[in-house]
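Presented below is the structure to which this report refers.
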Amino acid sequence: MYEKLSMYIDGEFIDAAAKAQDVINPATGEVLGQLPHASRQDLDRALQAAERAFVQWRQTSPVERARILRRVGELARERAADIARNITLDQGKPLAEATAEVQGCAEHCDWHAEEARRIYGRIVPSRDARMRQMVLREPVGVCAAFTPWNFPLNQAIRKALAALGAGCTLILKGPEDAPSAVVAMARLFHDAGLPKGVLNIVWGVPSEISTYLIESPIVRKISFTGSVPVGKELSALAGKHMKRVTMELGGHSPVIVCNDADIEAAAVGLAKFKLRNAGQVCISPTRFYVQEGIFDAFAERFVAQIEGTRVGDGLEQGTQMGPLAHARRVDAMAAFIDDAHKRGGKVLTGGDRLTVGEGKGYFYAPTVIAGLPDDARLMTEEPFGPVAPLTQFSEVDDVLRRANSLPFGLASYVFTTNLQTAHHISSNLEVGMVGVNHFGVALSELPFGGVKDSGIGSEGGQETFDGYLVTKTVTQI
Ligand code: NAD
């Protein structure tokens with residue numbers, strides 16, 4: 001059974017609404033269910049519930065808050081099979097990836113439960129022996145979060161855990177394209193004993209909901225994961241009302257593969273990582289700069305691995321790449337490839353839509369293109385799909401200049417067996433995360449975030465609560 005879709009306001013699941021939208025299975029085009037849209041009254045109820053709940057929740061001890069977060073993790077592990085299946089149904093990724101997403105979320109619960117008990121202030125030595133100077137860290141208040149469809153559970157639960165662990169209350173709008181995981185998340189918190197009003201889930205037209213919530217005087221902080229243009233719009237609106245923001249925005253990860261790299265490990269690992277979630281990942285390897293001495297050998301092995309990938313319905317056993325999440329992404333891929341043809345790119349494999357089953361799903365062939373100039377669309381705009389442009393470089397300092405030339409600064413990957421080269425490149429890349437000879441940059445204990453246009457703030461790691469806390473100085477004599 002697919003998840004029963006609902007809003008979650010003031011501790012109540014609400015599935016009746018004047019307006020609703022169809023949720024589609026991207027592998028088959030079938031309608032899975034109807035998602036209720038929040039009315040203005042629903043949004044007002046959520047705002048009032050979050051404001052009321054904040055009074056108690058901020059006073060709830062960190063030990064008690066941590067107990068609930070840990071319980072959410074336990075329940076997520078128990079319900080992993082159902083939640084994952086529903087993610088595959090409405091988002092499209094292979095079941096194994098959806099299961100790994102849920103398990104990873106349970107780890108985020110453990111991490112946040114542990115760290116929530118360590119939100120320390122400090123005592124600053126005073127100039128007067130009678131005086132005590134304290135720096136306190138307090139929850140910012142009611143928060144509003146907007147999360148996308150590519151990791152529907154992960155993106156939402158990281159924001160919920162950070163906000164709630166810090167003592168804030170939250171209104172979250174999840175992704176209308178793939179909503180089941182966010183409803184499942186509300187059930188996890190509800191069943192873990194979260195007091196009513198601390199977490200509220202709403203759905204609707206994204207721009208209408210975000211504008212209403214950001215402009216509300218009740219909301220003190222905004223967190224968004226999504227594209228750079230939308231992130232800038234929401235930040236501007238938040239700035240107009242002097243509200244704090246955390247922004248996890250798009251990337252265009254440069255990959256630098258040096259002559260001394262382990263070609264087999266780099267080519268196979270990068271091909272698999274590129275096609276994870278059909279390339280719809282903000283830290284997906286994007287621009288492949290391969291040093292000229294190994295370009296041909298790397299390209300041959302990389303293309304062979306990409307071509308061996310089994311594409312299909314994510315629920316079918318053996319599927320390694322599912323459909324794109326919605327029809328918009330397939331059109332976007334076609335436009336990127338059109339431009340690549342015009343700019344003299346050579347398609348090494350793929351380059352077209354794919355027909356799978358009855359042909360109603362949103363499939364695109366895993367694609368590799370060589371020979372594009374640095375100003376082609378694929379080299380400058382986030383493809384967010386299963387398309388990899390390969391290009392050559394000769395000097396490391398020149399490739400660093402090219403890698404840093406875009407306004408994005410999220411993740412990057414370097415393949416070399418030379419320690420000094422690894423150090424030089426990782427020190428000089430203008431990004432928030434660098435993986436040297438591997439890809440593990442998104443773990444609960446590590447801060448995840450970007451620089452430049454890729455965003456503001458971090459999620460995960462010790463930094464995870466920073467965006468949800470304000471600093472208060474108290475001096476007492
Ligand atoms: P989009 O920009 O329309 O939507 C991206 C996400 O932002 C969706 O979840 C959407 O509901 C939300 N959104 C859009 N406008 C909003 C608004 N005014 N207020 C609040 N939320 C809003 O694009 P799309 O076609 O759904 O996705 C394509 C692009 O989105 C990609 O190219 C990629 O750059 C970006 N994206 C990034 C991430 C990420 O993890 N950083 C995730 C998903 C999508």
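The values are calculated or read from the model by the stated rules, or taken from the named source; none is laboratory data. What you see is a predicted model; the values in this text were computed from it and never measured. Using ideal geometry, Cβ is built from the backbone for each residue, glycine included, and neighbour counts are taken over all protein chains shown. Only protein heavy atoms, including side chains, enter the accessible area calculation; ligands, DNA and RNA are left aside. Shrake-Rupley method; radii C 1.70, N 1.55, O 1.52, S 1.80 Å.
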| message | I want to check the label-to-label distance for D260 and E395. Put each point 7 Å from Cα in the C-beta direction and report it in nm to one decimal. | response | 1.9
| field | Spread of Cα-to-Cα distances over 5 Å intervals beginning at zero, given as percent, for the stretch 105-259 | value | 2, 8, 16, 19, 18, 13, 9, 6, 5, 3, 2, 1, 0
| query | Using the C-alpha atoms of the chain, what convex hull volume per residue, in cubic angstrom, is computed? | reply | 150
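Taking the highest mean first, how do the peptides 69-78, 273-282 order by number of other beta carbon atoms within 10 angstrom per residue?
Details: 69-78: 19.6, 273-282: 23.6.
Highest-to-lowest ranking by the protection proxy: 273-282, 69-78.
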| remark: In degrees rounded to 10, the 0-90 angle between helix 206-215 Cα long axis and the longest Cα principal axis of the chain is 40
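Would you calculate, for the chain, the mean residue ellipticity at 222 nm contributed by helices, counting each DSSP H stretch of 4 or more residues as -39,500 (n - 2.57) and dividing by all residues, to the nearest 500?
Values: 14 runs with 183 residues, N = 477.
So the helix-based figure for the chain works out to -12000 deg cm²/dmol.
FRET efficiency for D15 and E358, Cβ-Cβ distance as r, R0 = 25 Å, nearest 0.05? Write out the running numbers ahead of the final one.
Numbers: r = 30 Å, r/R0 = 1.19.
E(calc), rounded to 0.05, equals 0.25.
Within the accessible area of the chain, what % is carbon and sulfur when the probe is 1.4 Å and the other protein chains stay in place?
Details: 9640 of 19510 Å².
Result for the chain: 49 percent of the exposed heavy-atom area is carbon or sulfur.
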| note | Label model pair T471, E300: point-to-point distance (7 angstrom along the Cα→beta-carbon line) in nm is 5.7
| Cα→Cβ-extended label distance, 7 Å offset, between A100 and A81, nm | 2.1
| task | Report, by chain and number, residues whose modeled amide H sits under 5 Å from the one on I24, excluding near sequence neighbours (fewer than 5 apart, same chain). | result | L32
| query | Within the stretch 457-472, what residues put their amide N at less than 15 Å from the label point 7 Å along the Cα-to-Cβ vector of R118? | reply | 460-466
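Kindly report the accessible area of the chain per residue (heavy atoms of protein chains, probe 1.4 Å, no ligands, DNA or RNA), in Å². Let's see the in-between values first.
Numbers: 19510 Å² over 477 residues.
That works out to 41 Å² for each residue.
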| query | Say R0 is 41 Å: what FRET efficiency, to the nearest 0.05, do Q420 and V135 get from their beta-carbon distance? | reply | 0.50
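Under the 0.36 nm per residue contour assumption, what length would be gained going from the current alpha-carbon distance of K346 and A236 to full extension? Please report the intermediate quantities before stating the final value.
Details: separation 110, 0.36 × 110 = 39.60 nm, distance 4.01 nm.
Length gained between K346 and A236: 35.6 nm.
Calculate, in nm to one decimal, what V63 and D191 gain on full extension: separation in residues at 0.36 nm each, minus their alpha carbon distance.
Details: separation 128, 0.36 × 128 = 46.08 nm, distance 1.81 nm.
The V63-D191 span can extend by a further 44.3 nm.
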| task | Any chance you could check the Cα centroid distance between the stretch 1-26 and the stretch 237-315 for me, in angstrom? | result | 34
| field | Additional length obtainable on full extension of the chain from D128 to D339, 0.36 nm per residue less Cα span | value | 69.1 nm
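What FRET efficiency comes out for the pair S405/V436, r = Cβ-Cβ distance, R0 = 22 Å, nearest 0.05? Walk me through the numbers on the way to the answer.
Numbers: r = 21 Å, r/R0 = 0.95.
Here the calculated transfer efficiency is 0.55.
Give the peptides 13-21, 240-248 in descending order of average Cβ contacts within 10 Å, highest first. The partial results should precede the final answer.
Numbers: 13-21: 13.7, 240-248: 18.4.
Descending packing order for the listed peptides: 240-248, 13-21.
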| field | Inter-centroid distance (Cα atoms) of the stretch 461-477 relative to the stretch 331-353, Å | value | 49
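How high is the relative contact order of the stretch 1-99? Use alpha-carbon pairs under 8 Å, at least six apart in sequence, and give a whole percent.
Rounded, it is 26 percent for the stretch 1-99.
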| note | The distance between the Cα centres of the stretch 170-204 and the stretch 379-393, in whole Å, is 35
| field | At 1.306 mPa s and 10 °C, Stokes diffusion of the stretch 296-379 via Kirkwood alpha-carbon radius, µm² per second | value | 115
| task | Label the stretch 1-120 by shape, choosing from rounded, prolate and oblate, from the square roots a ≥ b ≥ c of the eigenvalues of the Cα gyration tensor; if a/c is under 1.5 it is rounded, and otherwise prolate applies when a/b is larger than b/c, oblate when it is not. | result | oblate
